[in-house]
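The values are calculated or read from the model by the stated rules, or taken from the named source; none is laboratory data. Only a predicted model underlies this, so the values are computations on that prediction, with no experimental measurement involved. Counting neighbours? That spans all protein chains shown, and the Cβs are built from the backbone with ideal geometry, glycine included. In case anyone asks, the SASA skips ligands and DNA or RNA and just uses the protein heavy atoms, side chains included. Shrake-Rupley method; radii C 1.70, N 1.55, O 1.52, S 1.80 Å.
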Amino acid sequence: MRKTYPAEIAAIPGNVLYYPSELGDLAEIELIYFGRHSCPAIVKQNPAVNQTIVLSKSLAESLLFDHTDIPLHLFIYGKSIHIGPLVGIFSSGFTGISNKPLGERSEFFAKLLSLSKTTGCIPFVFGENVINWDEETIKGYVFDKDDWNIYEFPFPNVIYDRLPNRLTENRDGPKEVKQKFQKIYTIPWYNPGFFNKWDVNERLCADERALPYLPETYPFQSISVVETLLSHYRQVYIKPIHGSLGLGIHQILYDKHENVYYCRYTNEAKENKLQRFSTLESIVKHIFHDRPLENLIVQQGIPLIRSEKRPVDFRVHTNKDSNGKWQVTAIAAKIAGAGSVTTHIKSGGVIKTVAELFGDDDEATEVERKLSEAALILSDSIEKNLDGIIAEIGFDFGLDKKGQVWMFEANSKPGRSIFSHPKLKDFELLTRKLSLDYAIYLTEQTITKSIRVPQ
(Lines give C-alpha, C1' and ligand atoms only; values in the text may rest on other atoms or scores of the structure.)
Protein backbone atom coordinates (compact mmCIF):
# COMPACT_ATOMS: atom_id res chain seq x y z
CA MET A 1 0.00 0.00 0.00
CA ARG A 2 1.31 3.46 -0.91
CA LYS A 3 2.20 5.65 2.03
CA THR A 4 0.54 9.00 2.70
CA TYR A 5 1.85 11.94 4.72
CA PRO A 6 0.13 14.78 6.62
CA ALA A 7 0.67 18.21 5.05
CA GLU A 8 1.18 21.57 6.77
CA ILE A 9 1.54 25.19 5.67
CA ALA A 10 4.10 27.23 7.61
CA ALA A 11 5.15 30.90 7.73
CA ILE A 12 8.53 30.27 6.12
CA PRO A 13 10.04 32.89 3.77
CA GLY A 14 10.40 31.98 0.10
CA ASN A 15 9.22 28.94 -1.82
CA VAL A 16 10.29 26.03 0.38
CA LEU A 17 9.15 22.43 0.78
CA TYR A 18 10.18 20.18 3.66
CA TYR A 19 9.65 16.52 2.79
CA PRO A 20 9.53 13.45 5.12
CA SER A 21 13.08 12.44 6.04
CA GLU A 22 12.38 8.74 5.40
CA LEU A 23 12.36 9.51 1.66
CA GLY A 24 16.14 9.99 1.74
CA ASP A 25 18.17 12.53 -0.22
CA LEU A 26 16.06 14.50 -2.71
CA ALA A 27 18.56 17.29 -3.30
CA GLU A 28 18.06 17.24 -7.08
CA ILE A 29 14.38 18.23 -6.83
CA GLU A 30 13.64 21.59 -8.46
CA LEU A 31 9.87 21.68 -9.12
CA ILE A 32 6.86 21.05 -6.90
CA TYR A 33 3.55 20.13 -8.54
CA PHE A 34 -0.01 20.23 -7.22
CA GLY A 35 -2.32 19.00 -9.94
CA ARG A 36 -1.06 20.59 -13.14
CA HIS A 37 0.34 23.72 -11.42
CA SER A 38 4.07 23.76 -10.67
CA CYS A 39 6.46 26.09 -8.86
CA PRO A 40 10.28 26.09 -8.38
CA ALA A 41 11.18 25.55 -4.74
CA ILE A 42 14.01 24.88 -2.33
CA VAL A 43 13.58 21.31 -1.09
CA LYS A 44 14.84 20.12 2.31
CA GLN A 45 14.45 17.10 4.56
CA ASN A 46 12.04 17.70 7.41
CA PRO A 47 14.20 17.61 10.56
CA ALA A 48 11.19 16.80 12.73
CA VAL A 49 10.65 13.23 13.93
CA ASN A 50 7.10 13.12 12.57
CA GLN A 51 7.01 12.32 8.85
CA THR A 52 5.16 15.33 7.42
CA ILE A 53 5.13 17.53 4.33
CA VAL A 54 5.58 21.24 5.09
CA LEU A 55 4.97 23.92 2.45
CA SER A 56 5.90 27.54 2.90
CA LYS A 57 2.97 29.93 2.65
CA SER A 58 4.10 31.47 -0.64
CA LEU A 59 4.63 28.02 -2.22
CA ALA A 60 1.18 26.90 -1.09
CA GLU A 61 -0.39 30.07 -2.54
CA SER A 62 1.42 29.65 -5.85
CA LEU A 63 0.14 26.07 -6.12
CA LEU A 64 -3.40 26.90 -4.87
CA PHE A 65 -2.78 24.36 -2.12
CA ASP A 66 -5.02 24.74 0.92
CA HIS A 67 -5.79 21.19 2.07
CA THR A 68 -3.86 20.41 5.21
CA ASP A 69 -6.45 18.07 6.74
CA ILE A 70 -5.88 15.26 4.22
CA PRO A 71 -2.87 12.89 4.30
CA LEU A 72 -1.44 12.94 0.77
CA HIS A 73 0.82 10.97 -1.53
CA LEU A 74 4.16 12.17 -2.86
CA PHE A 75 5.09 11.05 -6.37
CA ILE A 76 8.75 11.63 -7.19
CA TYR A 77 9.90 11.62 -10.79
CA GLY A 78 13.05 13.15 -12.22
CA LYS A 79 13.58 16.55 -10.64
CA SER A 80 10.00 17.02 -9.48
CA ILE A 81 7.72 16.13 -6.58
CA HIS A 82 3.97 15.84 -7.18
CA ILE A 83 1.69 16.30 -4.16
CA GLY A 84 -1.75 14.75 -4.32
CA PRO A 85 -3.25 13.46 -6.41
CA LEU A 86 -5.87 16.02 -7.37
CA VAL A 87 -8.91 14.23 -8.85
CA GLY A 88 -11.47 16.20 -10.87
CA ILE A 89 -14.92 14.58 -11.04
CA PHE A 90 -16.74 15.91 -14.09
CA SER A 91 -20.52 16.06 -14.02
CA SER A 92 -23.53 18.23 -14.84
CA GLY A 93 -26.90 19.20 -13.39
CA PHE A 94 -25.60 21.74 -10.86
CA THR A 95 -28.46 23.49 -9.08
CA GLY A 96 -26.80 26.43 -7.31
CA ILE A 97 -28.50 25.27 -4.08
CA SER A 98 -25.89 25.36 -1.30
CA ASN A 99 -26.90 22.14 0.48
CA LYS A 100 -27.84 20.22 -2.68
CA PRO A 101 -25.54 21.47 -5.43
CA LEU A 102 -26.20 18.40 -7.60
CA GLY A 103 -29.85 17.89 -6.75
CA GLU A 104 -30.81 14.32 -5.88
CA ARG A 105 -27.32 13.09 -6.76
CA SER A 106 -25.74 15.29 -4.06
CA GLU A 107 -25.80 12.46 -1.50
CA PHE A 108 -23.85 10.14 -3.79
CA PHE A 109 -21.21 12.80 -4.50
CA ALA A 110 -20.99 13.74 -0.82
CA LYS A 111 -20.20 10.11 0.04
CA LEU A 112 -17.64 9.92 -2.75
CA LEU A 113 -15.86 13.15 -1.78
CA SER A 114 -15.86 12.15 1.90
CA LEU A 115 -13.34 9.40 1.10
CA SER A 116 -10.49 11.89 0.66
CA LYS A 117 -8.87 11.06 4.02
CA THR A 118 -9.31 7.31 3.50
CA THR A 119 -7.76 7.30 0.04
CA GLY A 120 -5.19 10.09 0.34
CA CYS A 121 -6.35 12.16 -2.61
CA ILE A 122 -8.23 15.44 -3.08
CA PRO A 123 -11.38 14.91 -5.15
CA PHE A 124 -13.65 17.75 -6.26
CA VAL A 125 -16.74 17.93 -8.49
CA PHE A 126 -17.00 20.43 -11.32
CA GLY A 127 -19.01 21.24 -14.42
CA GLU A 128 -18.28 22.84 -17.77
CA ASN A 129 -19.01 26.44 -16.71
CA VAL A 130 -16.47 26.80 -13.87
CA ILE A 131 -13.27 26.22 -15.86
CA ASN A 132 -10.88 29.13 -16.38
CA TRP A 133 -8.94 28.02 -19.44
CA ASP A 134 -6.66 31.09 -19.37
CA GLU A 135 -5.55 30.62 -15.76
CA GLU A 136 -5.86 26.81 -15.94
CA THR A 137 -7.96 26.71 -12.79
CA ILE A 138 -11.33 25.23 -11.82
CA LYS A 139 -13.82 26.24 -9.12
CA GLY A 140 -14.92 22.87 -7.76
CA TYR A 141 -17.17 21.58 -5.02
CA VAL A 142 -15.78 19.65 -2.04
CA PHE A 143 -17.71 18.07 0.82
CA ASP A 144 -15.98 18.74 4.11
CA LYS A 145 -17.19 18.63 7.73
CA ASP A 146 -20.71 17.74 6.57
CA ASP A 147 -20.92 20.81 4.39
CA TRP A 148 -20.46 21.78 0.73
CA ASN A 149 -17.78 24.33 -0.13
CA ILE A 150 -16.27 25.76 -3.30
CA TYR A 151 -12.49 26.01 -3.76
CA GLU A 152 -10.30 27.11 -6.61
CA PHE A 153 -8.07 24.29 -7.88
CA PRO A 154 -5.38 23.85 -10.51
CA PHE A 155 -6.23 21.51 -13.38
CA PRO A 156 -6.27 18.00 -11.85
CA ASN A 157 -3.98 15.02 -12.36
CA VAL A 158 -6.85 12.85 -13.63
CA ILE A 159 -10.55 13.28 -14.40
CA TYR A 160 -13.31 10.84 -13.41
CA ASP A 161 -16.33 11.04 -15.73
CA ARG A 162 -19.63 11.08 -13.81
CA LEU A 163 -21.93 12.62 -16.42
CA PRO A 164 -25.45 11.42 -15.59
CA ASN A 165 -26.84 10.40 -19.00
CA ARG A 166 -26.27 10.08 -22.73
CA LEU A 167 -28.20 13.25 -23.51
CA THR A 168 -25.76 15.35 -21.47
CA GLU A 169 -22.76 13.45 -22.77
CA ASN A 170 -23.69 14.25 -26.37
CA ARG A 171 -24.05 18.00 -25.81
CA ASP A 172 -21.38 20.22 -27.36
CA GLY A 173 -20.23 21.67 -24.01
CA PRO A 174 -19.20 18.42 -22.26
CA LYS A 175 -17.72 17.06 -25.49
CA GLU A 176 -15.53 20.16 -25.88
CA VAL A 177 -14.36 20.00 -22.24
CA LYS A 178 -13.41 16.35 -22.61
CA GLN A 179 -11.59 16.94 -25.88
CA LYS A 180 -9.59 19.88 -24.50
CA PHE A 181 -8.46 18.11 -21.36
CA GLN A 182 -7.48 14.98 -23.28
CA LYS A 183 -5.91 16.45 -26.40
CA ILE A 184 -4.39 19.74 -25.22
CA TYR A 185 -3.51 18.91 -21.60
CA THR A 186 -3.18 15.08 -21.95
CA ILE A 187 -5.01 14.58 -18.66
CA PRO A 188 -6.21 10.97 -18.27
CA TRP A 189 -10.00 10.83 -18.42
CA TYR A 190 -11.43 7.61 -17.02
CA ASN A 191 -14.83 5.97 -17.40
CA PRO A 192 -15.70 7.93 -20.53
CA GLY A 193 -19.03 7.44 -22.23
CA PHE A 194 -21.98 5.11 -21.98
CA PHE A 195 -21.72 1.73 -23.67
CA ASN A 196 -23.52 0.99 -26.91
CA LYS A 197 -25.02 -2.52 -26.56
CA TRP A 198 -24.41 -3.54 -30.16
CA ASP A 199 -20.87 -2.15 -30.20
CA VAL A 200 -20.02 -4.03 -26.98
CA ASN A 201 -21.45 -7.25 -28.38
CA GLU A 202 -19.56 -6.95 -31.67
CA ARG A 203 -16.23 -6.28 -30.01
CA LEU A 204 -16.59 -9.01 -27.42
CA CYS A 205 -17.48 -11.51 -30.12
CA ALA A 206 -13.90 -11.14 -31.36
CA ASP A 207 -12.60 -12.48 -28.03
CA GLU A 208 -12.83 -16.27 -27.62
CA ARG A 209 -12.80 -15.94 -23.83
CA ALA A 210 -15.97 -13.81 -23.91
CA LEU A 211 -17.96 -15.83 -26.47
CA PRO A 212 -19.40 -18.47 -24.09
CA TYR A 213 -21.13 -15.72 -22.09
CA LEU A 214 -22.79 -13.90 -25.00
CA PRO A 215 -26.39 -14.64 -26.05
CA GLU A 216 -27.05 -14.57 -29.79
CA THR A 217 -27.57 -10.91 -30.63
CA TYR A 218 -28.34 -9.14 -33.92
CA PRO A 219 -29.35 -5.67 -35.06
CA PHE A 220 -33.09 -5.42 -35.68
CA GLN A 221 -32.92 -5.26 -39.47
CA SER A 222 -36.06 -7.22 -40.28
CA ILE A 223 -38.82 -9.35 -38.78
CA SER A 224 -37.06 -12.45 -40.09
CA VAL A 225 -34.31 -11.95 -37.46
CA VAL A 226 -36.93 -12.12 -34.70
CA GLU A 227 -38.59 -15.09 -36.37
CA THR A 228 -35.35 -17.05 -36.64
CA LEU A 229 -34.42 -16.52 -32.98
CA LEU A 230 -37.95 -17.39 -31.84
CA SER A 231 -37.81 -20.66 -33.77
CA HIS A 232 -34.68 -21.60 -31.82
CA TYR A 233 -35.41 -20.20 -28.37
CA ARG A 234 -39.20 -19.50 -28.18
CA GLN A 235 -38.47 -16.12 -26.58
CA VAL A 236 -36.40 -13.10 -27.58
CA TYR A 237 -35.68 -9.66 -26.15
CA ILE A 238 -35.76 -6.47 -28.17
CA LYS A 239 -33.67 -3.71 -26.60
CA PRO A 240 -32.62 -0.15 -27.47
CA ILE A 241 -28.93 0.06 -28.35
CA HIS A 242 -28.46 3.04 -26.03
CA GLY A 243 -30.95 2.02 -23.34
CA SER A 244 -30.42 1.98 -19.59
CA LEU A 245 -32.41 1.28 -16.40
CA GLY A 246 -34.40 -1.39 -18.26
CA LEU A 247 -36.26 1.24 -20.29
CA GLY A 248 -37.59 0.21 -23.68
CA ILE A 249 -37.01 -3.55 -23.25
CA HIS A 250 -39.61 -5.86 -24.82
CA GLN A 251 -39.89 -9.63 -24.41
CA ILE A 252 -41.44 -11.52 -27.33
CA LEU A 253 -42.75 -15.04 -26.66
CA TYR A 254 -44.18 -17.59 -29.09
CA ASP A 255 -46.85 -20.11 -28.05
CA LYS A 256 -46.61 -22.91 -30.59
CA HIS A 257 -49.79 -24.61 -29.31
CA GLU A 258 -51.97 -21.58 -29.94
CA ASN A 259 -49.73 -20.20 -32.72
CA VAL A 260 -49.78 -16.73 -31.15
CA TYR A 261 -47.19 -14.21 -29.97
CA TYR A 262 -47.03 -12.33 -26.68
CA CYS A 263 -45.22 -9.07 -26.03
CA ARG A 264 -44.32 -8.13 -22.46
CA TYR A 265 -43.09 -4.60 -21.69
CA THR A 266 -43.46 -1.61 -19.38
CA ASN A 267 -45.31 1.35 -20.88
CA GLU A 268 -44.65 5.06 -20.39
CA ALA A 269 -47.00 5.11 -17.38
CA LYS A 270 -44.69 2.49 -15.71
CA GLU A 271 -47.41 -0.17 -16.08
CA ASN A 272 -46.39 -3.77 -16.84
CA LYS A 273 -48.15 -4.97 -19.99
CA LEU A 274 -48.62 -8.36 -21.66
CA GLN A 275 -50.33 -8.19 -25.06
CA ARG A 276 -51.31 -10.98 -27.44
CA PHE A 277 -50.78 -10.80 -31.22
CA SER A 278 -51.50 -13.13 -34.09
CA THR A 279 -48.38 -12.17 -36.09
CA LEU A 280 -44.97 -10.61 -35.61
CA GLU A 281 -45.93 -7.98 -38.16
CA SER A 282 -48.75 -6.81 -35.91
CA ILE A 283 -46.33 -6.49 -32.95
CA VAL A 284 -44.03 -4.27 -35.01
CA LYS A 285 -46.97 -2.24 -36.29
CA HIS A 286 -48.52 -1.64 -32.86
CA ILE A 287 -45.52 -1.59 -30.52
CA PHE A 288 -42.59 -0.35 -32.60
CA HIS A 289 -44.33 1.87 -35.15
CA ASP A 290 -42.84 5.08 -33.74
CA ARG A 291 -39.27 3.79 -33.19
CA PRO A 292 -36.41 3.57 -35.68
CA LEU A 293 -35.67 -0.16 -35.85
CA GLU A 294 -31.98 0.50 -36.55
CA ASN A 295 -31.66 1.67 -32.92
CA LEU A 296 -32.76 -1.72 -31.59
CA ILE A 297 -31.10 -5.10 -31.11
CA VAL A 298 -32.68 -8.56 -30.92
CA GLN A 299 -31.30 -10.98 -28.33
CA GLN A 300 -31.76 -14.64 -27.58
CA GLY A 301 -34.05 -15.26 -24.61
CA ILE A 302 -32.59 -17.35 -21.77
CA PRO A 303 -34.63 -19.78 -19.60
CA LEU A 304 -33.58 -18.19 -16.31
CA ILE A 305 -33.63 -19.73 -12.87
CA ARG A 306 -36.65 -18.58 -10.85
CA SER A 307 -37.62 -17.63 -7.34
CA GLU A 308 -41.29 -17.95 -6.43
CA LYS A 309 -41.96 -18.45 -10.16
CA ARG A 310 -40.34 -15.13 -11.04
CA PRO A 311 -37.20 -14.77 -13.20
CA VAL A 312 -33.91 -13.95 -11.45
CA ASP A 313 -30.86 -12.18 -12.79
CA PHE A 314 -27.71 -10.85 -11.12
CA ARG A 315 -25.94 -7.52 -10.91
CA VAL A 316 -22.16 -7.82 -10.58
CA HIS A 317 -19.96 -4.74 -10.10
CA THR A 318 -16.28 -4.71 -11.01
CA ASN A 319 -13.75 -1.95 -10.31
CA LYS A 320 -10.10 -1.33 -11.05
CA ASP A 321 -8.15 -1.22 -7.78
CA SER A 322 -5.11 0.68 -6.53
CA ASN A 323 -2.85 -1.68 -8.51
CA GLY A 324 -4.78 -1.27 -11.75
CA LYS A 325 -6.29 -4.77 -11.43
CA TRP A 326 -9.96 -5.74 -11.83
CA GLN A 327 -11.82 -6.71 -8.66
CA VAL A 328 -15.36 -7.99 -8.18
CA THR A 329 -16.78 -5.50 -5.70
CA ALA A 330 -20.45 -6.50 -5.36
CA ILE A 331 -22.85 -9.29 -6.34
CA ALA A 332 -26.61 -9.21 -5.85
CA ALA A 333 -29.60 -11.20 -7.07
CA LYS A 334 -32.57 -9.34 -8.55
CA ILE A 335 -36.01 -10.96 -8.71
CA ALA A 336 -38.51 -9.62 -11.26
CA GLY A 337 -41.70 -7.94 -10.12
CA ALA A 338 -45.04 -9.53 -10.97
CA GLY A 339 -45.55 -9.34 -14.74
CA SER A 340 -42.41 -7.24 -15.27
CA VAL A 341 -40.09 -7.68 -18.23
CA THR A 342 -37.09 -6.61 -16.09
CA THR A 343 -35.85 -7.05 -12.52
CA HIS A 344 -35.49 -3.32 -11.84
CA ILE A 345 -36.78 -2.07 -8.49
CA LYS A 346 -38.92 0.60 -10.17
CA SER A 347 -40.76 -2.22 -11.95
CA GLY A 348 -41.40 -4.10 -8.71
CA GLY A 349 -38.10 -6.00 -8.56
CA VAL A 350 -36.68 -7.30 -5.28
CA ILE A 351 -32.99 -7.38 -4.29
CA LYS A 352 -31.50 -10.29 -2.37
CA THR A 353 -28.01 -11.46 -1.58
CA VAL A 354 -26.95 -14.65 -3.33
CA ALA A 355 -26.96 -16.44 0.04
CA GLU A 356 -30.57 -15.34 0.68
CA LEU A 357 -31.65 -16.50 -2.77
CA PHE A 358 -30.26 -20.02 -2.51
CA GLY A 359 -30.25 -20.74 1.19
CA ASP A 360 -27.70 -23.50 0.67
CA ASP A 361 -24.20 -22.13 1.40
CA ASP A 362 -22.37 -24.43 -1.01
CA GLU A 363 -24.73 -23.60 -3.88
CA ALA A 364 -24.48 -19.86 -3.18
CA THR A 365 -20.66 -20.05 -3.07
CA GLU A 366 -20.53 -21.88 -6.40
CA VAL A 367 -22.87 -19.37 -8.08
CA GLU A 368 -20.79 -16.45 -6.78
CA ARG A 369 -17.64 -18.15 -8.07
CA LYS A 370 -19.16 -18.55 -11.57
CA LEU A 371 -20.43 -14.98 -11.64
CA SER A 372 -17.10 -13.59 -10.43
CA GLU A 373 -15.13 -15.58 -12.99
CA ALA A 374 -17.38 -14.35 -15.81
CA ALA A 375 -17.22 -10.73 -14.59
CA LEU A 376 -13.41 -10.67 -14.44
CA ILE A 377 -12.99 -12.26 -17.88
CA LEU A 378 -15.52 -9.88 -19.45
CA SER A 379 -14.09 -6.81 -17.66
CA ASP A 380 -10.66 -7.59 -19.05
CA SER A 381 -12.11 -8.21 -22.52
CA ILE A 382 -14.09 -4.94 -22.49
CA GLU A 383 -11.02 -3.02 -21.33
CA LYS A 384 -8.92 -4.49 -24.15
CA ASN A 385 -11.52 -4.13 -26.91
CA LEU A 386 -13.25 -0.82 -26.17
CA ASP A 387 -11.79 2.68 -26.38
CA GLY A 388 -10.88 4.84 -23.40
CA ILE A 389 -9.79 4.16 -19.82
CA ILE A 390 -12.45 1.93 -18.27
CA ALA A 391 -12.33 1.55 -14.49
CA GLU A 392 -15.76 0.32 -13.41
CA ILE A 393 -18.48 -1.85 -14.96
CA GLY A 394 -21.88 -3.08 -13.83
CA PHE A 395 -22.89 -6.38 -15.42
CA ASP A 396 -26.38 -7.82 -15.72
CA PHE A 397 -25.97 -11.60 -15.79
CA GLY A 398 -28.45 -14.41 -16.17
CA LEU A 399 -28.06 -17.97 -14.93
CA ASP A 400 -29.93 -20.59 -16.94
CA LYS A 401 -31.38 -23.82 -15.56
CA LYS A 402 -28.22 -25.69 -16.57
CA GLY A 403 -26.00 -23.33 -14.56
CA GLN A 404 -24.57 -21.40 -17.53
CA VAL A 405 -23.80 -17.70 -16.99
CA TRP A 406 -24.99 -15.25 -19.67
CA MET A 407 -24.16 -11.57 -20.04
CA PHE A 408 -27.22 -9.48 -20.88
CA GLU A 409 -25.67 -6.04 -20.50
CA ALA A 410 -22.52 -4.23 -19.43
CA ASN A 411 -22.96 -0.72 -18.02
CA SER A 412 -20.12 1.81 -17.87
CA LYS A 413 -21.98 3.92 -15.30
CA PRO A 414 -23.92 1.29 -13.36
CA GLY A 415 -26.90 2.20 -11.22
CA ARG A 416 -26.57 1.67 -7.48
CA SER A 417 -30.02 0.41 -6.53
CA ILE A 418 -28.66 -2.93 -5.26
CA PHE A 419 -26.93 -1.08 -2.44
CA SER A 420 -30.27 -0.27 -0.84
CA HIS A 421 -30.07 -3.81 0.58
CA PRO A 422 -28.72 -3.57 4.16
CA LYS A 423 -26.23 -6.42 3.66
CA LEU A 424 -24.67 -4.72 0.62
CA LYS A 425 -23.82 -1.37 2.28
CA ASP A 426 -20.16 -2.27 2.80
CA PHE A 427 -19.80 -3.21 -0.86
CA GLU A 428 -21.25 0.18 -1.85
CA LEU A 429 -18.43 1.81 0.13
CA LEU A 430 -15.87 -0.44 -1.58
CA THR A 431 -17.04 0.54 -5.08
CA ARG A 432 -16.71 4.23 -4.20
CA LYS A 433 -13.31 3.81 -2.58
CA LEU A 434 -11.84 1.88 -5.50
CA SER A 435 -12.98 4.51 -8.00
CA LEU A 436 -10.64 6.95 -6.19
CA ASP A 437 -7.93 4.36 -5.48
CA TYR A 438 -7.70 3.81 -9.22
CA ALA A 439 -7.23 7.56 -9.72
CA ILE A 440 -4.15 7.31 -7.51
CA TYR A 441 -2.81 4.41 -9.57
CA LEU A 442 -3.49 6.29 -12.80
CA THR A 443 -1.71 9.38 -11.48
CA GLU A 444 1.31 7.35 -10.45
CA GLN A 445 1.49 5.68 -13.85
CA THR A 446 1.39 8.97 -15.74
CA ILE A 447 3.90 10.71 -13.46
CA THR A 448 6.47 8.20 -12.26
CA LYS A 449 6.40 5.71 -15.12
CA SER A 450 6.17 8.42 -17.77
CA ILE A 451 3.58 6.26 -19.54
CA ARG A 452 1.06 7.91 -21.82
CA VAL A 453 -2.22 6.24 -20.92
CA PRO A 454 -4.85 5.64 -23.63
CA GLN A 455 -7.49 8.36 -23.93
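Using a Cα-Cα cut-off of under 16 Å, which lysines could be cross-linked to LYS79, ignoring same-chain neighbours fewer than 8 residues away?
Correct list for LYS79: LYS44, LYS449.
Can you give me the % of accessible surface on the chain that is carbon or sulfur? Probe 1.4 Å, all protein chains present, nothing else counted.
49
With each label point set 7 Å from Cα along the Cα-Cβ vector, what nm distance links ASN129 and ILE42?
Roughly 4.6 nm, to one decimal.
What full-extension length gain, to one decimal in nm, is calculated for ARG306 and TYR262 as 0.36 nm per residue of separation minus the Cα-Cα distance?
Gain on extension, ARG306 to TYR262, equals 13.8 nm.
Rounded to the nearest 0.05, what FRET efficiency is calculated for SER282 and LYS325 with R0 set to 51 Å and r the Cβ-Cβ distance?
It comes to 0.50.
Evaluate the relative contact order of the chain (contact order divided by residue number), counting alpha-carbon pairs under 8 angstrom at least 6 apart; express in whole percent.
RCO, the chain: 13 percent.
With both partners inside the chain, how many of the DSSP beta bridges are antiparallel, as a percent to the nearest 5?
Counting DSSP beta bridges with both partners in the chain, the antiparallel share is about 75 percent.
Sticking with the crude label model, points 7 Å out along Cα→Cβ, report the distance from ASP144 to ALA338 in nm, one decimal please.
That separation, rounded to one decimal, is 5.3 nm.
Report the calculated FRET efficiency for GLU8 and LYS449 (r = Cβ-Cβ distance, R0 = 25 Å), to the nearest 0.05.
0.30
Distance in nm between label sites at CYS205 and SER222, each 7 Å beyond Cα in the beta-carbon direction?
1.7
Tell me, what is the 1.4 Å probe accessible area of ARG203, in Å² to the nearest 10?
ARG203 exposes around 80 Å² with every protein chain in place.
Looking at this model, which pairs from LYS100/LYS139; LYS3/LYS352; LYS3/LYS57; LYS197/LYS325 are more than 28 angstrom apart at the alpha-carbon?
Too far apart for the 28 Å limit: LYS3/LYS352.
If you average over every viewing direction, what projected area does the convex hull of the Cα atoms of region 163-263 give, in nm²?
Computed as one quarter of the Cα hull surface, the answer is 9.1 nm².
List the relative contact order of region 297-426 as a percent without decimals, with contacts defined as Cα pairs under 8 Å and 6+ residues apart.
For region 297-426, the relative contact order is 26 percent.
What's the center-to-center distance, using Cα atoms, between region 1-68 and region 367-431 in Å?
41
Output the Cα-based Rg and Dmax of the chain in Å, rounding Rg to one decimal and Dmax to a whole number.
For the chain, the Cα-based Rg and Dmax read 25.3, 89 Å.
Among the helices of the chain (complete DSSP H runs), which have Cα atoms covering no less than 24 Å along the helix axis and a Kyte-Doolittle mean of at least -0.5?
425-448
Please compute the per residue accessible area over the chain with all protein chains in place, 1.4 Å probe, rounded to a whole number of Å².
Ligands and nucleic acids excluded, the result is 47 Å² per residue.
How high is the FRET efficiency from HIS232 to ASP362, r the C-beta distance, R0 35 Å, rounded to 0.05?
Rounded to the nearest 0.05, the efficiency is 0.55.
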